[in-house]
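Down below is the structure, laid out as structure tokens.
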Amino acid sequence: MSDLLKYKGFSAKIDFSADGETFSGRVIGIEDDVKFEGSSVRELKKSMKDAVEAYVEKCRKKGRDARKTYSGKLLFRLSPELHAGIADAAAGSGLSINEWGRDALESAVRADNLREAKRRAARSRKKR
């Protein structure tokens, strides 16, 4: 099982070990390797909070950004057929491949964020 846990804009990949009956997490989107664990969801969330707070403080003391910086450039390795299909779709939309791809990726991120917001809202309603 794998999922993402979020705290103060940081995300962590979560894994569960049935053998060890523990959750473990690793913060993603940062330069360092920040890991945490817990034997319950509550314990895991507290452990992530503590790990993120300690990491942010460490970065602040070193005078560096806690989040990984990205260039804004992506390179994809695609099959020639997929590349041709993307080129056709972009041209048919009156966009460059770059513009079409950016729009497609932005839509995917928005859809993912919407799914996450719906999950949080559903969990919030269940708690009432």
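Things to note:
- Residue check for LYS62: out of contact with any Ser or Thr (no Cβ under 9 Å at 6 or more places or on another chain), surrounded by 13 or more Cβ atoms within 10 Å (Cβ to Cβ) and charged (D, E, K, R): no
- Qualifying residue in region 94-103 (condition: among the hydrophobic types (A, V, I, L, M, F, W, C) and closer than 25 Å to ASP15 by Cβ): no
- Residue pairs whose Cβ atoms lie under 8 Å apart, separated by 6 or more positions or on different chains, with the first residue in region 22-48 and surrounded by fewer than 12 Cβ atoms within 10 Å (Cβ to Cβ) and the second charged (D, E, K, R) and not in a loop (DSSP other than H, G, I, E, B), are ASP33/ARG26.
- For region 21-128, the helices (runs of 4 or more DSSP H) that sit wholly inside it and include 2 or more residues that are closer than 14 Å to LEU5 by Cα, outside the structural domain of LYS8 (by TED's automatic domain parsing) and among the charged types (D, E, K, R) are 97-127.
- Take the conditions (1) at pLDDT 95 or above; (2) surrounded by 10 or more Cβ atoms within 10 Å (Cβ to Cβ); GLY92 misses just one of them, which is (2).
- Residue within region 81-88 that is in contact with a strand residue (DSSP E or B) (Cβ under 8 Å, 6 or more places away or on another chain) and free of Cβ contacts under 8 Å to residues at least 12 places away in the same chain present: no
The values are calculated or read from the model by the stated rules, or taken from the named source; none is laboratory data. Note that the coordinates shown come from a computational prediction; the quantities given were computed from them, not determined experimentally. Counting neighbours? That spans all protein chains shown, and the Cβs are built from the backbone with ideal geometry, glycine included.
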